[in-house]
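Everything on this sheet refers to the single structure shown next.
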Ligand SMILES: [Zn+2]
């Protein structure tokens with residue numbers, strides 16, 4: 001029964017990506033509701049199947065927002081598993097425990113990216129948007145180290161590039177000043 005639901009979800013995503021494209025899928029309340037209604041194990045199973053299908057996909061773009069990072073990770077997990085001849089392909093699974101920390105909507109966007117990667121052979125780039133304010137102008141990749149685990153990369157505009165790495169660390173006063181920067185100045189770079 002669980003397997004049936006996971007296959008239905010997989011088919012639904014693939015058909016919608018084909019029919020309305022990535023943005024159409026992400027904007028669909030129906031699909032989001034269906035995805036949220038699945039439990040963590042079912043979503044992990046869908047992501048596992050999609051990652052496996054996309055295991056040969058080229059990772060040409062850096063993961064610079066949450067969903068693209070999850071998608072890059074999933075493809076790389078599958079690729080590593082596939083290359084390791086001692087591991088049976090059929091037993092590949094993305095770890096449910098690690099996915100449990102990732103918000104449902106981020107998982108869904110990652111799943112959509114994996115559908116595209118499986119189909120085109122290339123993992124799509126992250127949306128061209130600043131990670132803090134969402135503008136699509138003057139973006140640069142910003143890399144930063146973390147205390148443990150891999151470093152992180154994200155897109156920042158020229159204004160937001162000077163802010164602390166984690167938006168939650170931004171003091172309110174700084175945040176307020178940034179919001180007052182006139183759009184024309186932010187664009188003039
Ligand atoms: Zn910005």
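Details
- Projected over all directions and averaged, the alpha-carbon convex hull of region 34-88 occupies 4.5 nm².
- Over the C-alpha atoms of region 2-120, the Rg to Rh ratio, Rh being the Kirkwood estimate, stands at 0.94.
- Förster-model FRET efficiency, 41 Å R0, residue 93 and residue 144, C-beta, rounded to 0.05: 0.85
No value in this document is a laboratory result; all are computed from the given coordinates. As the structure is a computational prediction, the values presented were derived from the model and not from experiment. Neighbour counts run over all protein chains shown; Cβ positions are idealised from the backbone, glycine included.
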